[in-house]
Amino acid sequence: MEKSLRKWQIAFFGDKSIVDSEKAVTIFDTTLRDGEQTPGVSFTLEQKIKIAHQLSDIGVDVIEAGFPASSDVEFETVKKICEEGIRPKICGLARSVKSDVDRCIEAGVDMVHVFIPTSEIQRTHTIKKSHAEVLEITREIISYTRSKCSLVMFSPMDATRTDPKELIEVCRVADEAGATIINLPDTVGICTPSMMKPLVEMVRKNVKCRIDVHCHNDFGLAVANTIAAVEGGADQVQVTINGIGERAGNADIAQTVMIMESIYKIKTNIITERLVETSRLVSRFAQIPVLPIQPVVGENAFSHESGIHSHGVMANPGTFEPGIMTPEMVGHRRRLKLGKHVGKHAVKQMLMDANINPKDSELDIIVAKVKEVSGRGKKVTESDLYEIADSITGTGSQEKAVVLDDISIFTGNHAIPTASVRAIVNGRNLICSKTGDGPVDAAMKALLGIAPGNVLLKSYQVEAISGGSDALGCVTIEVEDDRGRIFDASASNSDIVIASAEAMVNALNVVYRTGSL
Ligand SMILES: [Zn+2]
């Protein structure tokens, strides 16, 4: 797969690389600053510290922790993050005024990020300054900041709408005054990749310091523009987790990093295997769900439903996936629909993921059974597959991690629905009681209460298998583990609450079997 991609690149660009593949690009994450400016998002101090540690753990080079001069709370937050003593450089944002820079220094940051509006529209309508005045302010504030801090980033705000001649002048002034890196922000997201590349090349020719880029996603081009900036010679890129940020957000870290690592072979320090987990953490804290079709980290990024695609992927995953980016590389898992077209290869792979290694003859029977069940129109979940495999190989059933001992539900039109469960979890007797919005909700919460880790109920579906009030209810659920991976399970019972509880127990056992808990 990699070879064919390379062939294609050579056909288009000749034998020289699009970018120097020896090049390393550093990652500047602004989830805690621009990301927190997402409408409706407000992280608690504890969440911010957790995110900072996560960013550090996955290899981010610089963390923009906040804007210390904006409020006392923000100042304290940035200070606390600095005191954590984590590996990445901590950056604070400052307007081009000394008191803002001083607040950053007092908070203890490693890098100060100074910005000033430079486009005519922003200059005249926000700070009411001429270009000449902006040059003077820049010279003064950058040399002041540099005298206080060894790392100084300068941003000509709205760079992509700034007169190119004026942009070069202000960048030169900042460079000469001691800026260690110049950031080119596409503040309102109006640039295109074919404009971004020459823009970076032009600034690069005129300054000695490193170049960084900050792209907004108003037209959905944030990642494309960021990559174009790297093609133009940018040394650092600004990203956020899940692309959160002002308005339509910023460039997404997972997409930006995977394009660089997989397509361009540009090294970053990111531990890509933790991208999905990081995406889920920030999604939970920001309360912004990740779309199933979100590239790289979305639930469907490596799911195959159609027969032709599933077939191809079973023969060779590279047929209908990029190949140069695998689910393992980003901490995801491939999900295949277990339908009547399922192949031996796919079933074997799914069983191996759960440490089930059937003999070849057993595998044939398992595959036949899956086809037979799905041929009857029934969805075969992962837990159903493991059940089938266990019954044929004679393993696993006696070693279930979670065994439901007892469940009792209390409900009524004037009562708060309450569920109490007693279960054996890895040999330990555990009990849990929870209230909920109805008996099913209470039962689910009580069962999740006995599961270690942070498992969430992702989806819940119920259907009646036959008619009448004694109909058999079939419940299919999906749960998400704390690494963001999805598992499904189902159960049937004439009592819908019991069916739901059994489906949850089955789901928890699937999570245990694949080594997630
Ligand atoms: Zn921004």
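The values are calculated or read from the model by the stated rules, or taken from the named source; none is laboratory data. Just so it is clear, the structure is predicted and the values come from calculations on it, not from any experiment. Using ideal geometry, Cβ is built from the backbone for each residue, glycine included, and neighbour counts are taken over all protein chains shown.
Here is how the numbers come out for the structure above:
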item	result
Number of positions in segment 130-188 that are of a type outside the set (S, T, N, Q) and either within 16 Å of the ligand (Cβ to nearest atom) or closer than 17 Å to Phe28 by Cα (or both)	16
Ile266, sole failed condition from (1) within 16 Å of the ligand (Cβ to nearest atom); (2) at pLDDT below 95	(1)
Strands (runs of 3 or more DSSP E) contained entirely in segment 338-442, each with at least 3 residues that are touching a residue at least 12 places away in the same chain (Cβ under 8 Å) and more than 34 Å from the chain's Cα centre (by Cα)	402-410, 418-425
Residue in segment 276-298 that is under 9 Å from the mean Cα position of the chain (by Cα), assigned by TED's automatic domain parsing to the domain that holds Lys48, under 30 Å from Lys23 (Cβ atoms) and charged (D, E, K, R) present	yes
Failed criterion for Gly323 (all others in (1) at positive phi; (2) crowded, with 16+ Cβ neighbours inside 10 Å hold)	(2)
Some residue of segment 287-297 being on the phi > 0 side of the Ramachandran plot and out of contact with any Cys (no Cβ under 9 Å at 6 or more places or on another chain)	yes
Any hit, segment 227-237, residues being acidic (Asp, Glu), farther than 23 Å from Cys209 by Cα and away from the ligand (no atom under 13 Å from the Cβ)	no
Qualifying residue in segment 71-90 (condition: under 20 Å from the mean Cα position of the chain (by Cα), more than 16 Å from the ligand (Cβ to nearest atom) and within 20 Å of Asn242 (Cα to Cα))	yes
Matching residues in segment 441-460 - criterion: being polar (S, T, N, Q) and at pLDDT 90 or above	Ser459
Test: residue in segment 488-498 that is farther than 20 Å from Lys400 by Cβ, at pLDDT below 95 and buried (at least 17 other Cβ atoms within 10 Å of the Cβ)	yes
Where a residue in segment 208-221 is farther than 23 Å from Ala174 by Cα and more than 16 Å from the ligand (Cβ to nearest atom) and its partner, wherever it lies, is charged (D, E, K, R) and part of a loop (DSSP other than H, G, I, E, B), with Cβ under 6 Å and at least six apart	none
Lone qualifier among Val73, Val97, Val109 - being among the β-branched types (Val, Ile, Thr) and either in contact with a Phe, Trp or Tyr (Cβ under 8 Å, 6 or more places away or on another chain) or without any contact (Cβ under 8 Å) to a residue 40 or more places away in the chain (or both)	Val73
Criterion violated by Lys205 - all others in (1) more than 11 Å from the ligand (Cβ to nearest atom); (2) over 23 Å from Leu275 (Cβ atoms); (3) in contact (Cβ under 8 Å) with a residue 24 or more places away in the chain satisfied	(3)
